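Before any comments, here is the structure.
Since every read-out is calculated from the coordinates, none of them should be taken as a lab result. Being a predicted model, the structure only gives us computed values, none of them experimental. No Cβ is skipped: glycine too gets one built from the backbone with ideal geometry, and neighbour counts run over all protein chains shown.
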């Protein structure tokens, strides 16, 4: 932070005491020209995260199943932030596709510094309403997709002895949510993976952390609101109001608030933090 300070103790013409005034300078994140992969980044939390990295001067590699939406977002980010953006449509549950994507990113940019894993949540269901196929799909989407990405990026990070891995999961890793039994169970496995990899690769200069968003204004939350509305016989507005009331801040989160937390964890400002789960939930988690 800036250290320039003015005279202290005097009283100006306004009558207010002129205590020390510090020059305001932007926080240095050390991310300029880094290469950041952000998965599932055509919308929602992934899109906001890709935008936030680009705003810091990162070169960004994006992927999503929706090619048209992905291209539109990538072009917008490139235009607004004047950074290199690489985008490729793929399914994060396809290990071969993830391998080819990461290879392409490394070939284009010459390095991989940051990897943010992300995927849409499994459907909102109670336990007895789930099928074995639901469980297999949830494991593929929300756990194995993380494994696929990290197996590919960690060797690149080891070579440069620097890397940042951030997984995006959910508040459910700390506090199970009704109707989200698939997410409650499967995302907890990601936390176990994060802790394991933090222990194994810290010696290589690789930090591994998890971010758990609470109720955040995304299409996923609208889907959950519809399911909860049908189950409880309340309209969706009432459901959203109940979620807002449950958090001490009395509102749902914005995607940019999650994105800025991810960027901070990837920055030099968080250089001694690894193996942690940081909730961005407005205080909704009630545990200690």
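Defining a contact as two alpha carbons under 8 Å apart and six or more residues distant in sequence, what relative contact order in percent does the range 187-252 show?
Numbers: 36 pairs, mean separation 13.6, N = 66.
RCO, the range 187-252: 21 percent.
Highest average first, the peptides 55-61, 138-144 ordered by how many other beta carbon atoms sit within 10 Å of their residues are 55-61, 138-144. The Cα atoms of the range 132-176 give a gyration tensor whose axes a ≥ b ≥ c have a/c of 1.5 or more with a/b no greater than b/c, which makes the shape oblate.
If you bin all the Cα-Cα distances of the range 143-232 at 5 Å, starting from zero, the percentages per bin are 3, 13, 21, 20, 15, 11, 8, 5, 3, 1, 0.
Over the range 133-272, what is the mean sequence separation of C-alpha contacts under 8 Å (at least six apart), divided by residue count, expressed as relative contact order in percent?
Working: 138 pairs, mean separation 33.8, N = 140.
Relative contact order of the range 133-272: 24 percent.
For the range 176-276, pairs of C-alpha atoms spaced more than 21 angstrom apart make up 48 percent of the total. Packing, as the average of other Cβ atoms within 10 Å across residues, places the peptides 72-82, 217-227 in the order 217-227, 72-82, highest first.
The order of the peptides 154-166, 123-135, 263-275, 35-47 by mean Cβ neighbours within 10 Å, most packed first, is 35-47, 154-166, 263-275, 123-135. Taking every alpha-carbon pair under 8 Å whose residues sit at least 6 apart, the chain reaches a relative contact order of 17 percent. Projected over all directions and averaged, the alpha-carbon convex hull of the chain occupies 19.2 nm².
Averaging 1/r over each pair of different alpha-carbon atoms in the range 72-159 and inverting the result gives 15.0 Å, the Kirkwood hydrodynamic radius. Centre-to-centre, using Cα atoms only, the range 68-102 and the range 190-230 are separated by 20 Å.
For the range 40-92, the calculated P(r) over all alpha carbon pairs, in 10 Å bins from 0 to the bin holding the longest distance, is 31, 60, 10 percent.
Distance from the alpha carbon centroid of the range 238-288 to that of the range 53-67 works out to 21 angstrom. Using the rule -39500 (n - 2.57) for each DSSP H run of four or more residues, divided by the residues of the chain, the 222 nm mean residue ellipticity is -14000 deg cm²/dmol.
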